[in-house]
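Enquirer: Sending over a structure as structure tokens; questions will come in a sec.
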Amino acid sequence: MFKLEKRPSPSKPWILATPILAVVMTMLAGGLMFAVLGKNPFEAIRIIFYDPLFNAQFASYSRPQLLVKAGPLILIAIGLSLGFRAGIWNIGAEGQYIMGAIAGATFGLAFYPTESPLIFPGMVIAGALGGWAWAMIPAILRTVFRTNEILVSLLLVYVAEKFLASAAVGFLRNPEGSGFPGSRQLNRIDAMSNPELFANTGMHWGVVMAFISVIAAYILLNKHLLGYQIKLAGQAPRAAKFAGVNPSRLIILCLGVSGALAGLAGLFEVSGPAGQISIDFNVGYGFTAIIVAFLGRLHPVGILLAGLLMALTYIGGELAQLMLGIPASAIQAFQGMLLFFLLALDVLSNYRIRMKKGEATA
Amino acid sequence: MSAPLLSIDGLTKAYPGVVANNQVSFQIQPGEVHALLGENGAGKSTLVKMIYGLVRPDSGTMSFMGASYTPAEPRAARATGVAMVFQHFSLFEALNVAENIALGMENPPKPRDLAARITEVSEAYGLPLDPGRLVGDLSAGERQRVEIIRCLLQDPKLLIMDEPTSVLTPQEVEILFHTLRKLSAEGTAILYISHKLEEIRALCDEATVLRLGKVVGTCDPKSTSAAEMAELMVGKSLAVPARSEAAHGDVILEVDNLSVAPASAFGTPLRDISIKIKAGEVLGIGGVAGNGQDELLAALSGETITAPNAVELKGKPVGNLSPNERRSAGILCGPEERLGHAAAPDMSLIENALLTARHRKSLDKNGFLDWGKTRQYAEEVIAAFDVRTPGPENAARSLSGGNLQKFVIGREVMQEPSVLVVNQPTWGVDASAAADIRQAILDLAGRGAGVIVISQDLDELLEISDNFCALNEGRLSDTKPTAGLTMETIGLMLGGAHDMHEAEVAHV
């Protein structure tokens, strides 16, 4: 029989080893699944993890995609991780992402066709405010009426999606678009576009912002009082109160920051890679970022790596669908395995496994 | 006496890193009151858990009435005739007494029959208890009676009692002892676990002393002095804390008609509490847990905000200030719950030093934390208070209770507060650490601070406090000088047993 025994302090080597082990076990279990599906597991794993970056034929297209996909994931996940550490569960980043994009796009398009270098910075601020305002709804309901922020933030995603649809066919519809839904192409308007900064890297302002947020979150959590209070509130709420932490202020702050970062991600997406407000503008970054945040153990550097890894499995997964005809649902199961193994192995950093001895004569 | 009731031979139980019991052997005769004496961590709990079938020994044998006894679970122990009253009760507050007792029985009789049985047993043993009352409304002493009666209904041959008096007032202790003597006279053996020596001298026929998991001696408590037993238990003689004889200064903290509504349905309100402490004074607040101790500490620490004038420090109103503002002003607190309230279990001692010392030790600049300085402060506390840990980077939960308590108290004392409020400063702490903590509190008062010690341990309060008052159902009694107080007066101040209420009113 096995027995789990709590370690007096979390094990440092295991904290570093479990993500690597989780990836290895995902490859083994996923390979097995691909084999059962009748595909060559080695080829499938190679296509998912190796080809997007190094295959001579595809890499020129897929390598820039890595940053394009990882950027918003990291940016949103960093914001979410602050709240998650404090025990504040913002599940609605997808909605804040949509509202940020709509707010930013509306701000920019209101000035069309003016060309001014001030428009894009204004859109960035409007995008952050849009996401922030959408996150303030669960924050205020929680602090004033003690509603559950998980439910409120999640349900507001669906409200945001409806709002997105009405914007795409209504007030933001391109007047010169022959009646098709969708706004003007922001990325074709110089004053409103978020261009690729270096050719063929995928690097745009959103990716820059993601890297800045990683550094800022690292400093906040390790050097600043606020980061200390966030960790304290999550680990020992009573001790946090004793230490003078105001729980309501923390809720408003954490939800606000995660909403603003999600809004920024939406704005950079709509003005860059996506290019316009359309009915199907959101593709689930806000939900996947939750996985990224936990995959990275809510640690800024971990989230950076997890975002890149998650983006890689997306791109590689698409490639595997294309090349080997692996069904999309199998790719999703593969991604789920990654999260499963990571969380399951996480136990080992706080617990050690002991073999239970046979019962001695009593 | 002839054949022993329970005979224990060479019981050993090891946990990773610690041998809780090492070759423990002793015998209990029928009808004997047998004391199991030892400090916290000496292995008493593990030993009785083995007897009660909660833990299986690694090696060694037990026999009960001559037959081999290997209980696989508490149910088997109960079937053999062993019953146990735990230190922490397992009762449902929202159910009444009879329902709680029925829940613990294998085949509960009909409610009416059970109520009759409860009344019968409670009268026979002098433990007044109404089977229809809600447990949430009962005092700690009455709750203990529920547990005892639950055991007595099984007609046990051996009754194990784990630290039964820690929650009782002196009068309730007398009632309990009366019951236990009666049981013993009827032939029920009692295994009585405690570290309170005077109680054991008053009650027990035989004592087995455990230290670090081993039996270090047996004695007849009636003919052995408390000091001799203490030495046997601790392994060395303990110094009595030295107090400074300096005269007290001006009033430093004044609490004026403080009332706070309860936070939850079974919480305790604070009613019209008034306290005055002078510089250099130690005020002891006695009382059974759950009578408003936590609430009082929260109102003084700033976790509960009150009217500004309800709490005044050196004449300035502070009742509406936050915990950190009060720390800056000079009021520091040490809550009862070490893990989760006074300290964050998974954080390092460095991070825990920051928890309360940030303002007074200037451990941050504009919100940016000075970890070097914080580490230095944690190390100072560890050195000054002899906290046993490999280093300040270790998590708080890796420390033993006594060591963490020394760290938590040291963290406050070394900030040199004007007023220190501590709740249960030595609860669950071994005797030598407790002596160190008490000395640190007295030294702080000697340097001119006012100190409030809230505690259930009357011996502790009598030892260190200048003045004494008691908290009962959220009300504070009058304050009296500790010198010359008798146990009887203290008992009346504590509110006595619930049945003593009338008596108290009649006295006043």
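Enquirer: If A:Glu269 satisfies all but one of (1) within 30 Å of A:Ala191 (Cα to Cα); (2) outside any helix (DSSP H, G or I), what's the number of the condition it fails?
Expert: Here A:Glu269 meets the rest and fails (2).
Enquirer: So, one more: Within the set of pairs 6+ apart or on separate chains, which have a first residue in region B:315-339 that is more than 13 Å from B:Ser418 (Cα to Cα) and away from every other protein chain (no Cβ under 13 Å), a second that is assigned to a helix (DSSP H, G or I) and among the small types (Gly, Ala, Ser), and C-beta atoms under 6 Å apart?
Expert: B:Val318/B:Ala329; B:Gly319/B:Ala310
Residues are listed down the side, and each one gets a yes or a no for (1) in contact (Cβ under 8 Å) with a residue 60 or more places away in the chain; (2) assigned to a helix (DSSP H, G or I):
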| position | (1), (2) |
| --- | --- |
| B:Val146 | no, yes |
| B:Ile149 | no, yes |
| B:Ile175 | yes, yes |
| B:His178 | no, yes |
| B:Leu191 | yes, no |
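This table checks each residue for (1) within 20 Å of A:Phe84 (Cβ to Cβ); (2) crowded, with 18+ Cβ neighbours inside 10 Å; (3) hydroxyl-bearing (Ser, Thr, Tyr).
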{"site": "A:Ile137", "(1), (2), (3)": "yes, yes, no"}
{"site": "A:Val144", "(1), (2), (3)": "no, no, no"}
{"site": "A:Thr147", "(1), (2), (3)": "yes, no, yes"}
{"site": "A:Lys162", "(1), (2), (3)": "no, no, no"}
{"site": "A:Ala168", "(1), (2), (3)": "no, yes, no"}
{"site": "A:Arg188", "(1), (2), (3)": "no, no, no"}
{"site": "A:Ala191", "(1), (2), (3)": "no, yes, no"}
{"site": "A:Trp205", "(1), (2), (3)": "no, yes, no"}
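Enquirer: List the number of the failed condition for B:Gln415; all other conditions in (1) part of a loop (DSSP other than H, G, I, E, B); (2) over 30 Å from A:Ser11 (Cα atoms); (3) without any contact (Cβ under 8 Å) to a residue 60 or more places away in the chain hold.
Expert: The one condition B:Gln415 does not meet is (3).
Enquirer: Output the qualifying pairs, or none if there are none: Cβ atoms under 9 angstrom, residues six or more apart or on different chains, first residue in region B:448-475 and free of Cβ contacts under 8 Å to residues at least 12 places away in the same chain, second residue surrounded by 22 or more Cβ atoms within 10 Å (Cβ to Cβ).
Expert: If the second residue must be surrounded by 22 or more Cβ atoms within 10 Å (Cβ to Cβ), no pairs are left.
Okay, residues lined up against (1) in contact with a helix residue (DSSP H, G or I) (Cβ under 7 Å, 6 or more places away or on another chain); (2) more than 13 Å from chain B (Cβ to nearest Cβ); (3) under 19 Å from A:Ser153 (Cα atoms):
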{"position": "A:Met203", "(1), (2), (3)": "yes, yes, no"}
{"position": "A:Leu221", "(1), (2), (3)": "yes, no, no"}
{"position": "A:Leu226", "(1), (2), (3)": "yes, no, no"}
{"position": "A:Leu232", "(1), (2), (3)": "yes, no, no"}
{"position": "A:Gln235", "(1), (2), (3)": "no, no, no"}
{"position": "A:Phe242", "(1), (2), (3)": "yes, no, no"}
{"position": "A:Leu255", "(1), (2), (3)": "yes, yes, yes"}
{"position": "A:Ala262", "(1), (2), (3)": "yes, yes, yes"}
{"position": "A:Glu269", "(1), (2), (3)": "yes, yes, no"}
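Enquirer: For B:Ala79, only one of the following conditions fails: (1) on the phi < 0 side of the Ramachandran plot; (2) within 14 Å of chain A (Cβ to nearest Cβ); (3) more than 24 Å from the chain's Cα centre (by Cα); (4) not hydroxyl-bearing (Ser, Thr, Tyr). What is its number?
Expert: (2)
Enquirer: Restricting to region A:215-241, name every residue that is crowded, with 22+ Cβ neighbours inside 10 Å and touching a Gly at 6+ places or on another chain (Cβ under 9 Å).
Expert: A:Ala217, A:Ile230, A:Ala233, A:Ala236, A:Ala239, A:Ala240
Enquirer: Just one of A:Ala44, A:Ala101 is at pLDDT below 95 and surrounded by 20 or more Cβ atoms within 10 Å (Cβ to Cβ); which is it?
Expert: A:Ala44
Enquirer: Taking B:Ser301 as meeting all but one of (1) within 10 Å of chain A (Cβ to nearest Cβ); (2) polar (S, T, N, Q); (3) surrounded by fewer than 21 Cβ atoms within 10 Å (Cβ to Cβ), write down the number of the exception.
Expert: It is condition (3) that B:Ser301 fails.
Table: residues versus (1) among the hydrophobic types (A, V, I, L, M, F, W, C); (2) within 17 Å of B:Gln456 (Cα to Cα).
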| site | (1), (2) |
| --- | --- |
| B:Lys276 | no, no |
| B:Val288 | yes, yes |
| B:Thr304 | no, no |
| B:Ala307 | yes, no |
| B:Leu313 | yes, no |
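Enquirer: Scan region A:81-98 for residues that are surrounded by 24 or more Cβ atoms within 10 Å (Cβ to Cβ) and in a helix (DSSP H, G or I) and jot them down.
Expert: A:Ser81, A:Leu82, A:Gly83, A:Ala93, A:Glu94, A:Gly95, A:Gln96, A:Tyr97, A:Ile98
Enquirer: For region B:369-410, how many residues are modelled with pLDDT under 90, surrounded by fewer than 16 Cβ atoms within 10 Å (Cβ to Cβ) and away from chain A (no Cβ under 14 Å)?
Expert: 1
Enquirer: Check whether at least one residue in region B:153-162 is part of a helix (DSSP H, G or I) and surrounded by 19 or more Cβ atoms within 10 Å (Cβ to Cβ), and report yes or no.
Expert: no
Enquirer: Can you name the residue in region B:165-208 that is closer than 21 Å to B:Val24 by Cα and acidic (Asp, Glu) and is also surrounded by the fewest Cβ atoms within 10 Å (Cβ to Cβ) among such residues?
Expert: B:Glu206
Enquirer: Scan region B:214-230 for residues that are modelled with pLDDT of 85 or more and loosely packed, with under 13 Cβ neighbours inside 10 Å and jot them down.
Expert: B:Asp220, B:Ser223
Enquirer: With respect to B:His88, is the statement that it is out of contact with any helix residue (DSSP H, G or I) (no Cβ under 8 Å at 6 or more places or on another chain), under 21 Å from B:Lys157 (Cα atoms) and away from chain A (no Cβ under 14 Å) true?
Expert: Against the criterion (out of contact with any helix residue (DSSP H, G or I) (no Cβ under 8 Å at 6 or more places or on another chain), under 21 Å from B:Lys157 (Cα atoms) and away from chain A (no Cβ under 14 Å)), B:His88 does not qualify.
Enquirer: Further question: Consider only pairs whose beta carbons are under 6 Å apart and that are at least six residues apart or on different chains; among these, list those whose first residue lies in region B:345-365 and is more than 7 Å from chain A (Cβ to nearest Cβ) and whose second residue is among the β-branched types (Val, Ile, Thr).
Expert: From residues that are more than 7 Å from chain A (Cβ to nearest Cβ), the pairs are B:Ile350/B:Thr374; B:Ala353/B:Thr374; B:Leu363/B:Thr374.
Enquirer: Give the residues of region B:51-70 that are at the interface with chain A (Cβ under 8 Å from one of its Cβ atoms) and touching a Lys or Arg at 6+ places or on another chain (Cβ under 6 Å), sorted by residue number.
Expert: Within region B:51-70, B:Pro57, B:Asp58 meet the criteria.
Enquirer: Checking B:Glu93 against (1) more than 14 Å from chain A (Cβ to nearest Cβ); (2) over 30 Å from B:Gly132 (Cα atoms); (3) within 23 Å of the chain's Cα centre (by Cα), which single condition isn't satisfied?
Expert: (2)
Enquirer: As an exercise: evaluate B:Thr486 against (1) buried (at least 16 other Cβ atoms within 10 Å of the Cβ); (2) over 17 Å from the mean Cα position of the chain (by Cα) and give the number of the one condition it does not meet.
Expert: Result: B:Thr486 passes all but (1).
Enquirer: When residues of region B:231-260 are filtered for being hydrophobic (A, V, I, L, M, F, W, C) and modelled with pLDDT of 90 or more, how many remain?
Expert: 6
Enquirer: A further question on this structure: Can you find even one residue in region B:424-432 that is free of Cβ contacts under 8 Å to residues at least 40 places away in the same chain, in contact with a helix residue (DSSP H, G or I) (Cβ under 8 Å, 6 or more places away or on another chain) and not in a helix (DSSP H, G or I)?
Expert: Yes, some residue in region B:424-432 is free of Cβ contacts under 8 Å to residues at least 40 places away in the same chain, in contact with a helix residue (DSSP H, G or I) (Cβ under 8 Å, 6 or more places away or on another chain) and not in a helix (DSSP H, G or I).
The values are calculated or read from the model by the stated rules, or taken from the named source; none is laboratory data. In this text, all values refer to a predicted model and were calculated from it rather than measured experimentally. We place every Cβ from the backbone using ideal geometry, glycine too, and count neighbours over all the protein chains shown.
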